[in-house]
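J.: Before I ask anything, here is the structure I am working with.
The values are calculated or read from the model by the stated rules, or taken from the named source; none is laboratory data. Given the structure is predicted, the values throughout are model-derived calculations rather than measurements. Here the Cβ positions follow ideal geometry from the backbone for every residue, glycine too, while neighbour counts run over all protein chains shown. With ligands, DNA and RNA removed, areas are computed over all heavy atoms of the protein, side chains included. Shrake-Rupley method; radii C 1.70, N 1.55, O 1.52, S 1.80 Å.
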Amino acid sequence: MSSDTIRAALVRRLRISSAIAEEDIKEIEALPISVRQYPAETPVVRDGERATDCCLIAEGFCVRSKTIASGKRQILSIDIPGEIPDLMSLFLHVMDHDLSTLTPSTLGFISHETLQKLHRRRPNVAEMFWRDTLIDAAMFREWIVNVGQRAAPARLAHVMIELRERLRIIGRVDGNDFEMPLTQEQIGEALGITAVHANRVIKQLRQEGIVELQRGRVTVLDERRFLELADFDGRYLHQSPTL
């Protein structure tokens, strides 16, 4: 995958939530990007490290997570193509969580120095990236509510719908099917439950005819019940410049 393709993916995603002038698009398309391939489940930036670049996902899925002293891990987000999951490292110099690949991934790296110069030169671009970090924070808030207040079946349904809506906007949903390449253990880490409990929840949703999760793909069987179970309100995704 070329660096031009990666820049185009970034512009497409920024258009979803921000109004972009042609002059700003040209500046983004001129960014120097270093393209690297990563295997699945590989650290990109570790907790405690000092990053010197921001990472743009061109292809594949990544997760952000935090591991406590006992070795237990909490997945904090699932990140998809077009997103820059470590944009905060521009100003928070030491990482306070891990960023790793979930699947084999193509990642583009843009140096902090380059982005900082662009922000000073093009304030509108700086505002777009600032809005992007605020949307990221809104998603974190929703994940806190999800893990803290919803029952496990509703937690899983909510994570599934959020992922579907984010994938839909970049053209990655095929009818009632979409990709969610998490193992049962990883689903447990995202929901704050054990892998055994996650297995029971997956079976329950299938037996009730709501959704099927198989081989990393979700198939929605009953859209109305799916939405009702998740109690989903997508405003927090801000998938429009007017939101």
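J.: Tell me which residues come under 5 Å, amide H to amide H, from ARG217 once H is placed; ignore anything under 5 positions away on its chain.
T.: Under 5 Å from the amide H of ARG217 lie the amide H atoms of MET180, each far enough along the sequence or on another chain.
J.: Working from Cα positions, state the angle (0 to 90°, nearest 10) between the long axis of helix 152-168 and the longest principal axis of the chain.
T.: Taking the Cα atoms of the chain, the angle to 152-168 is about 40 degrees.
J.: Can you give me the long-range amide H partners of VAL211? Hydrogens built in the peptide plane at 1.01 Å from N, cutoff under 5 Å, separation of 5 or more residues or another chain.
T.: Under 5 Å from the amide H of VAL211: ARG206, LEU221.
J.: Further question on the same structure: Need the full-extension length gain, GLN214 to ASP177, defined as separation in residues times 0.36 nm minus the C-alpha distance. One decimal, nm.
T.: Full-extension gain reported as 12.3 nm.
J.: Classify segment 1-132 from the C-alpha gyration tensor, please: rounded if a/c falls under 1.5, else prolate or oblate depending on whether a/b exceeds b/c.
T.: Since a/c reaches 1.5 and a/b is larger than b/c, the shape of segment 1-132 is classed as prolate.
J.: Can you check what the net charge comes to around ALA137, using other residues whose Cβ is under 13 Å from the Cβ of ALA137 (Lys, Arg +1; Asp, Glu -1)?
T.: Local charge sum for ALA137: 0.
J.: Report the FRET efficiency, 1/(1 + (r/R0)^6), for ARG12 and SER70, where r is their Cβ-Cβ distance and R0 is 30 Å, rounded to 0.05.
T.: The value I calculate is 0.15.
J.: Next question. At most 16 other Cβ atoms within 10 Å and a DSSP loop assignment: could you name the GluC sites (Glu not before Pro) in segment 10-47 that fit?
T.: Sparse-neighbourhood loop GluC sites (Glu not before Pro): GLU41.
J.: For the chain, give the magnitude of the charge dipole about the Cα centre (Cβ charges: +1 Lys/Arg, -1 Asp/Glu; no others), in debye to the nearest 20.
T.: 240
J.: Moving on. When the accessible area of segment 158-240 is split by element with a 1.4 Å probe, what percent falls to carbon and sulfur?
T.: Carbon-and-sulfur percentage of accessible area, whole number: 43.
J.: Between ALA126 and LEU227, take the C-beta separation as r, use R0 = 45 Å, and let me know the FRET efficiency to the nearest 0.05.
T.: E(calc), rounded to 0.05, equals 0.80.
J.: Which whole-number percentage describes the relative contact order of the chain, with Cα contacts under 8 Å and a sequence gap of 6 or more?
T.: 21
J.: Excluding GLN204 itself, calculate the net charge of residues whose Cβ lies under 13 Å from the Cβ of GLN204, where each Lys or Arg counts +1 and each Asp or Glu counts -1.
T.: Computed value for this residue: +3.
J.: Skip the ligands, DNA and RNA, and give the accessible area per residue of segment 24-100 with a 1.4 Å probe, whole Å².
T.: That works out to 46 Å² per residue.
J.: Could I ask something else about it? Give me the accessible area per residue for segment 130-243, probe 1.4 Å, as a whole number in Å².
T.: Averaged over the residues of segment 130-243, the accessible area is 52 Å².
J.: Under the Kirkwood approximation for Rh and a Cα-based Rg, what ratio Rg/Rh is obtained for the chain?
T.: Over the Cα atoms of the chain, Rg/Rh equals 0.96.
J.: Something else: Considering only protein heavy atoms and a 1.4 Å probe, what is the carbon-and-sulfur percentage of the accessible area of segment 1-87?
T.: Summing carbon and sulfur atoms, their accessible area is 50 percent of the total for segment 1-87.
J.: Please identify the GluC sites (Glu not before Pro) of segment 189-232 that satisfy two criteria: DSSP loop assignment and at most 13 other Cβ atoms within 10 Å. Which are they?
T.: GLU208
J.: Determine ³J(HN,Hα), in whole Hz, for all residues of segment 136-148 in sequence, where each value follows from phi through the Karplus function 6.51 cos²θ - 1.76 cosθ + 1.60 and θ = phi - 60°; x replaces Gly and Pro.
T.: 4, 5, 4, 5, 4, 4, 5, 5, 4, 4, 4, 6, x
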